[in-house]
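Below: one structure, written as structure tokens.
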Amino acid sequence: MRVLGIDPGSRFMGYGVVEERRGRLIHVGHGVIKVDADAPLELRLKDLHGALMTALKLYRPEAVAVEGVFTFRNARSALVLGHARGVALLAAAQAGLSVHEYPPARVKRAVGAGGAADKDAVARMVCTFLDLEELERSDASDALAVALCHLNHGRLGVAVSGKSKVSKSRRKSAQAQLADRLAPSYRRPEAG
């Protein structure tokens, strides 16, 4: 299974691609999408979307994993980050991919760093896991950590789904189909 992890940001958005092959986790690629900080927000979001669509076409992942929202003291910062996350979710949905969301503390624990670990600790563990030298920015290491979290989540016996293209025969509304793709993977299915 190949997973594209995303560390959302409105000026720097990290992405990392990891694949599980025969029980081994393999680094496929990573990068940081940088946009002009002086550009209006709508143009930054447009650039982020275009770059993410290019990465999705290039790497052809089977699923997308996104780091979840954490608490902000500044409401404006949280809102802007929410816009960037929305762009990431939209790009994945447009590509017909399942999206899985993981809280930051779970991502850190998945790579062997504590839930309160700093970005340097996460970067060191990601480099160790994937046999990489040094990564240029923490945005890339965080994105790789999110992808590793999703793959490790699947290794622990939790079902990890691949592509979730919705067949035309299903009569769900477009909103319901999108909601299915965006459902957080850590939410337990309802009994019934």
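The values are calculated or read from the model by the stated rules, or taken from the named source; none is laboratory data. All of these numbers come straight from a predicted model, not from anything done at the bench. Counting neighbours? That spans all protein chains shown, and the Cβs are built from the backbone with ideal geometry, glycine included. For the accessible areas, the whole protein counts, side chains as well, though only heavy atoms, and no ligand, DNA or RNA atoms are used. Shrake-Rupley method; radii C 1.70, N 1.55, O 1.52, S 1.80 Å.
Looking for something under 21 Å from His30 (Cβ atoms), modelled with pLDDT under 95 and either within 14 Å of the chain's Cα centre (by Cα) or exposed (fewer than 13 other Cβ atoms within 10 Å of the Cβ) (or both) - is there at least one such residue anywhere in segment 112-120?
If we filter segment 112-120 for residues that are under 21 Å from His30 (Cβ atoms), which is where we start, we get 112-113, 117-120.
Restricting the remaining residues to those that are modelled with pLDDT under 95 gives 112-113, 117-120.
When the remaining residues are screened for being either within 14 Å of the chain's Cα centre (by Cα) or exposed (fewer than 13 other Cβ atoms within 10 Å of the Cβ) (or both), the result is 118, 120.
Yes; the residues of segment 112-120 include at least one that is under 21 Å from His30 (Cβ atoms), modelled with pLDDT under 95 and either within 14 Å of the chain's Cα centre (by Cα) or exposed (fewer than 13 other Cβ atoms within 10 Å of the Cβ) (or both).
Under 9 Å between Cβ atoms, at least 6 apart or on separate chains: pull out the pairs that start in segment 125-151 with a residue that is on the phi < 0 side of the Ramachandran plot and end on any residue that is among the polar types (S, T, N, Q) and buried (at least 19 other Cβ atoms within 10 Å of the Cβ).
Met125/Ser141; Val126/Ser141; Cys127/Ser141; Leu132/Ser141; Leu135/Ser141; His150/Ser185
Of everything in segment 101-111, what is open to solvent by less than 20 Å² (accessible area, probe 1.4 Å) and out of contact with any Gly (no Cβ under 8 Å at 6 or more places or on another chain)? Give them in sequence order. Even if it seems obvious, please write down each step before you answer.
We begin by selecting, within segment 101-111, every residue open to solvent by less than 20 Å² (accessible area, probe 1.4 Å); these are 102, 107, 111.
Hits for segment 101-111 are Val107, Val111.
Among the residues of segment 16-40 satisfying the criterion of being of a type in the set (D, E, K, R) and surrounded by 13 or more Cβ atoms within 10 Å (Cβ to Cβ), which is farthest from Leu144 (Cα to Cα)? Before the answer, list the steps.
Let us first name the residues in segment 16-40 that are of a type in the set (D, E, K, R), namely 19-22, 24, 34, 36, 38.
Checking the rest, the ones that are also surrounded by 13 or more Cβ atoms within 10 Å (Cβ to Cβ) come to 19-20, 34.
On the way: Glu19: 11, Glu20: 13, Lys34: 17 Å.
Out of the qualifying residues, it is Lys34.
Name the one entry in Leu90, Leu58, Leu43 that is open to solvent by 50 Å² or more (accessible area, probe 1.4 Å) and in contact with a His (Cβ under 9 Å, 6 or more places away or on another chain). Give the derivation first.
Working: Leu58 fails: in contact with a His (Cβ under 9 Å, 6 or more places away or on another chain); Leu43 fails: in contact with a His (Cβ under 9 Å, 6 or more places away or on another chain).
Of the residues listed, the single one that is open to solvent by 50 Å² or more (accessible area, probe 1.4 Å) and in contact with a His (Cβ under 9 Å, 6 or more places away or on another chain) is Leu90.
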